[in-house]
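Peer 1: The structure follows.
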Amino acid sequence: MLDTKWETFERSSQRDEMTFVGGLGYTLIALGPAIALFFTVIIGKPFLILTLIVSIFSWLISLVLIAGVWRAFLPSESNVWVYIPLLLSAVCCQEAARRAFWHLYLKVEDILNKIAVRLSKPRLHTVDKLEIALAFGFGHGLAHVIFFCLALLTPSFGPGTFYVPGCTQMSFFLMAALTGLSFLIIHTFSMVIAFDGHADGNKSQQIFAPGMHFLATFATLVNLAEGGCVYGVSATLSCAVITSAVCWKIQWDKAGADPFTSSNLNRTHH
Amino acid sequence: MTEGSILESLGSEIVGIVTPVSICMLLVVLLVQSLTPHGSDAPVASIAMLVYDEQPTDSFTEKLGGAMLNALVFVIIVALVTFLLVVLFYFRCTKFLRAYMGFSAFMVLAYMGGGVVVLLIQNFSIPIDAITFLVMLYNFATVGVLAVFFSKMPIFVTQGYLVIIGVLVAFWFTMLPEWTTWVLLMAMALYDVVAVLLPGGPLNMLVELAIARDEDIPALIYEARPSARNIAPMPNSPHSVSINSSATDLAGQATQIPPRWRRRVVTAPPPSNASIQLPANAVNESAINQETVRPVGISALRTESQPQPPGQAQALVPPHSTVVMDGVEGNSRAGGRSEIVNIEALLDDVAGNGESGVLSGAIKLGLGDFIFYSVLVGRAAMYDMMTVYACYLAIVAGLGSTLVLLTVWRRALPALPISITLGVIFYLLTRFLVDPFIVNLSTHYVYF
C-alpha cells in the first residue's frame, strides 16, 4: 500500500531484529491499554464482544462514507486547508453515529431487561450499563487504532523506518502509535461520559464528548506545521488524559453517592 | 461483576462460532504473510484452474472470462461430487463414506499440512531432521483423523483439528490467481444459495435424507458446543434450526423439525410433544449423556479434498458448509416470545444455554464456510493489512446477520452469500476508497 512511499527506506541486508522489536513496540504502545481493557472487561462477557464488533463495524462504515465523499478531493501539499472541512465533516459524521448509538443502546437496554426478567436474572446493573457504554466506545477507539495505526504498522516490522518530511523528531510509526493511543482513550471514555450524560440529562457531559473529539482532531492539524508534530501529539495525548480523568471523576463521584456500585467501579476504570 | 449478569450468558453461542472462524482466518493471514512473497502470484495448477491458466499479463477481459470459466467448471465439479455423495449416502455406503472421509482428512493433514510445515521450516530455517519430522507429521495426522471422525476426544481437540483442516485447505486455495479466486468465491456463494435453498439442491437433498433417516449429515461441520459447560445440546429440544452453507438443509419446514434431532442423544427423553419438557432431570440426563453424544454430532464430517500430485494446490470440493443451530429454541417458550422482536429472539435463544438450562443451542458451521471466509481474508492479505481488517469485519458482520436470520427463519441457511458479498464489497471499497484516504491523512499526521 505504502510501497511508493517506502522506496527511500534504508534497507539492511538481512532481516533486522531491531526493527521487528520496534514494530512490536509500536503495536504495544498503540494497543497496550486496549489489550488490558479487552482482557479485563470485555472478554468474559460474550454480549460485550458482540457489542464491540457492531461498534467497530459501524465505525468502518462511517469511515467508508467519509472516504467515499472525500476521496476525489484529497488535499496535497498546496491545498492543506481542505483538511479543515474534511475533518469537520468526519467528526460530525461520527458524532451523529454516537447519537444513533445512544438510541440503539436504549433499545438494547430495554430488550436486555426483558430477557433478564424472563430468564429470572437480575436486571441490568449500573456497572452493566457502564460496560455496554464502554464496549461501544471501545469499538470506536479500536477501529481508529486498527485503521489509522495497526494497518499502517506492517512495514515497521520489516527493515528500515519512515519519516515524514516536516517532522524529524519521530518516525511515522511512533507518531501513528501515539496518536492511535490517544484516540483510543478519547473515543472509549468519551462514549462512557456521553452515555452517562444522556442518561442523567446532563448537558455539559453530552457536549463534552463531541467537544473533546473536535479538540483532539483539530489538534492534529498542528502536525502540518513544520516541526509541529511534537506539539500536536502532546496536545492529543493531553486530550486523552483529560478525557480519562473526567470520566474517572464522574464515575467516582457517582460511586460515592451510590455505595452499592463503588466496589465494582474500580474494576471498570483503572 | 454482578453474579450471573445477563451480559455473561447472552451471545455466547455466536461468540462460540465467531471465535474459531476468527482463529482460522488469523492463521491463514499469518501463513500468507509469512510464506507468500509479497505481491507475487505464484499460480499452482489445481482443479479450480482446469480451463484457464491466468497470467498477470493477460488483459482484463481475458482474465474475467477465463476466471468465470474456471469458477463455472469448479462449481460444476463441486455439484457433481456432492450429488455423488448424496447417491452414496442414499445407498447407505456408510462404510465407504467413512473410510473415504478418514482418508481425505488424513491426506489434508499429512500431505497439505506437511507441505505447509516444510515451507515454514524453509522460511524460518528451523533445524529438524527428516525422520523426526515424518514421525511427528504421521502422529499429528493420525490423531487428527481419530479426533475428527472416529474416537471420542476432548471436544477442544476435535475443534482444533477442524480449524487446522480449514486453515490448510484455505491456505492452498489462496495460491490461486487473483481473478480466479474472486470469481470463484462469488460463484461458490451463488452455488451455496442454490444448493441449500432450492428443493432439488444437492445439499438440501443431503440434509433432508440425513434427517429422514435419522443419521448424521455426511459433511465436515464445526460444532460450537461449549466445551466448558456441562449442558449438552438439549436432546429434547423440539426445534432445531440450521444455517447451512453449502450443505445441508436441516429443517424443511418448521413444523417438521421436532423429531429430527432427538436422535442426537442416545437416551433421548420422551418425544417433544410434551412441550413443558425442561425439568431439571432432563438437563442432568443430557449432561451425563454429553460424552456419548458429542462424537455423533461431530463425526458428521466430510471433506472432499482429494490428494493431488506434488506441486499442485489441493483442489477441494467444499465440504458441505453448514451452519446449523441445533436445538435452538423450544416450542415450549414459543408462546411466551411471540411478541418479541427478532433480535430479542436471537439473544433469547442464545441465552438459552445459561444456568437456567432452558435450552442449549449448538450452532454448527460447515467447514466450507471457514475455508472460503479464510480464502477471502487470505487473498485480501496479499494486498494489505487494511483490507484484511475490513474484510474480516465484513465477514463477521455477515455471519452475525446470517445467525440472526437463522433464528427468524428457523431453517438451514447458506452462510456464504451474505458474508462473501459483504467481504468482496468491503474489499473493493477499502482498496479503492479507504486505503488512499487513510494513507493521505496519516502521512500528513492528520487524524480524526
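Peer 1: Kindly indicate whether any position in segment A:128-138 is more than 18 Å from A:Q206 (Cα to Cα) and out of contact with any helix residue (DSSP H, G or I) (no Cβ under 7 Å at 6 or more places or on another chain).
Peer 2: Within segment A:128-138, none of the residues are more than 18 Å from A:Q206 (Cα to Cα) and out of contact with any helix residue (DSSP H, G or I) (no Cβ under 7 Å at 6 or more places or on another chain).
Peer 1: Give just the number: which of (1) facing chain B (nearest Cβ under 9 Å); (2) within 24 Å of A:V192 (Cα to Cα); (3) at pLDDT 90 or above does A:F39 not satisfy?
Peer 2: (1)
Residue-wise test of (1) over 19 Å from A:A199 (Cβ atoms); (2) facing chain B (nearest Cβ under 7 Å); (3) at pLDDT 85 or above.
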residue	(1), (2), (3)
A:K129	no, no, yes
A:G137	no, no, yes
A:A143	yes, no, yes
A:P165	yes, no, no
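Peer 1: Could I ask something else about it? Sort out which residues of segment A:112-127 are facing another protein chain (nearest Cβ under 9 Å), assigned to a helix (DSSP H, G or I) and open to solvent by 30 Å² or more (accessible area, probe 1.4 Å), and write them in order of number. Walk me through it before giving the result.
Peer 2: First pass over segment A:112-127, keeping only residues facing another protein chain (nearest Cβ under 9 Å): A:112-116, A:118-125, A:127.
Next cut, assigned to a helix (DSSP H, G or I) only: A:112-116, A:118, A:127.
Correct list: A:K114, A:R118.
Peer 1: Collect the residues in segment A:75-95 that are farther than 28 Å from A:F138 by Cα and either at the interface with another protein chain (Cβ under 7 Å from one of its Cβ atoms) or surrounded by fewer than 17 Cβ atoms within 10 Å (Cβ to Cβ) (or both), keeping them in residue-number order.
Peer 2: Here is the first cut: in segment A:75-95, the ones farther than 28 Å from A:F138 by Cα are A:75-82.
The answer is A:S76, A:E77, A:S78, A:N79, A:V80, A:W81, A:V82.
Peer 1: Does segment A:174-185 include one or more residues that are farther than 15 Å from A:A34 by Cα and more than 7 Å from every other protein chain (Cβ to nearest Cβ)?
Peer 2: Yes; the residues of segment A:174-185 include at least one that is farther than 15 Å from A:A34 by Cα and more than 7 Å from every other protein chain (Cβ to nearest Cβ).
Peer 1: Just to verify a result, which residue in segment B:13-28, among those that are crowded, with 24+ Cβ neighbours inside 10 Å and within 13 Å of another protein chain (Cβ to nearest Cβ), is nearest to B:L403 (Cα to Cα)? Spell out how you get there, then give the answer.
Peer 2: Step one: filter segment B:13-28 for residues crowded, with 24+ Cβ neighbours inside 10 Å, giving B:13-14, B:17, B:21, B:24-25, B:28.
Retained after the next criterion (residues that are within 13 Å of another protein chain (Cβ to nearest Cβ)): B:13-14, B:17, B:21.
Details: B:E13: 10, B:I14: 8, B:I17: 10, B:V21: 14 Å.
Here the residue is B:I14.
Peer 1: Now for a different question. Condition first: open to solvent by 10 Å² or more (accessible area, probe 1.4 Å), away from chain A (no Cβ under 12 Å) and at pLDDT below 85. Now tell me which residues in segment B:412-448 satisfy that.
Peer 2: Scanning segment B:412-448 gives no hits.
Peer 1: Hey, another quick one. Being away from chain A (no Cβ under 14 Å) and open to solvent by 10 Å² or more (accessible area, probe 1.4 Å) is true for just one of B:L405, B:L367. Which residue is that? Show your work before the answer.
Peer 2: Numbers: B:L367 fails: open to solvent by 10 Å² or more (accessible area, probe 1.4 Å).
Exactly one of B:L405, B:L367 is away from chain A (no Cβ under 14 Å) and open to solvent by 10 Å² or more (accessible area, probe 1.4 Å), namely B:L405.
Peer 1: Considering only segment A:141-186, how many residues are without any contact (Cβ under 8 Å) to a residue 40 or more places away in the chain, open to solvent by 10 Å² or more (accessible area, probe 1.4 Å) and out of contact with any helix residue (DSSP H, G or I) (no Cβ under 7 Å at 6 or more places or on another chain)?
Peer 2: Number of matching residues: 1.
Peer 1: Among (1) surrounded by 18 or more Cβ atoms within 10 Å (Cβ to Cβ); (2) at pLDDT 90 or above; (3) within 17 Å of A:L153 (Cα to Cα); (4) more than 13 Å from every other protein chain (Cβ to nearest Cβ), where does A:T19 come up short?
Peer 2: (2)
Peer 1: A further question follows. Check A:V108 against each of (1) within 18 Å of A:K45 (Cα to Cα); (2) surrounded by 24 or more Cβ atoms within 10 Å (Cβ to Cβ); (3) within 10 Å of chain B (Cβ to nearest Cβ) and name the one condition it does not meet.
Peer 2: That leaves (2) as the condition not met.
Peer 1: What's the number of the condition A:Q169 fails, among (1) within 11 Å of chain B (Cβ to nearest Cβ); (2) at pLDDT below 90; (3) more than 17 Å from B:F448 (Cα to Cα)?
Peer 2: Among (1) within 11 Å of chain B (Cβ to nearest Cβ); (2) at pLDDT below 90; (3) more than 17 Å from B:F448 (Cα to Cα), A:Q169 violates only (1).
Peer 1: Now for a separate question. Could you tell me which of the residues B:Y389, B:Y373, B:Y383 is open to solvent by 10 Å² or more (accessible area, probe 1.4 Å) and modelled with pLDDT of 90 or more?
Peer 2: On the way: B:Y373 fails: open to solvent by 10 Å² or more (accessible area, probe 1.4 Å); B:Y383 fails: modelled with pLDDT of 90 or more.
Unique residue meeting the criteria: B:Y389.
Peer 1: It is to be established whether one or more residues within segment A:65-74 are modelled with pLDDT under 90, open to solvent by less than 20 Å² (accessible area, probe 1.4 Å), more than 20 Å from the chain's Cα centre (by Cα) and among the basic types (K, R).
Peer 2: No, segment A:65-74 has no match at all.
Peer 1: A:H103 versus (1) at the interface with chain B (Cβ under 8 Å from one of its Cβ atoms); (2) surrounded by fewer than 16 Cβ atoms within 10 Å (Cβ to Cβ); (3) at pLDDT 85 or above: which is the lone unmet condition?
Peer 2: (1)
Peer 1: Please find, among A:V82, A:V64, A:V54, A:V91, the residue that is closer than 30 Å to B:D435 by Cβ, among the β-branched types (V, I, T) and in contact with a Leu (Cβ under 7 Å, 6 or more places away or on another chain).
Peer 2: Values: A:V82 fails: in contact with a Leu (Cβ under 7 Å, 6 or more places away or on another chain); A:V54 fails: in contact with a Leu (Cβ under 7 Å, 6 or more places away or on another chain); A:V91 fails: in contact with a Leu (Cβ under 7 Å, 6 or more places away or on another chain).
Unique residue meeting the criteria: A:V64.
The values are calculated or read from the model by the stated rules, or taken from the named source; none is laboratory data. What you are looking at is a predicted structure, and each value in this text was computed from that prediction instead of being measured. All Cβ positions, even for glycine, are placed from backbone atoms using ideal geometry, and neighbour counts span all protein chains on display. Quick note on the areas: whole protein, heavy atoms, side chains included, nothing else; ligands and nucleic acids left out. Shrake-Rupley method; radii C 1.70, N 1.55, O 1.52, S 1.80 Å.
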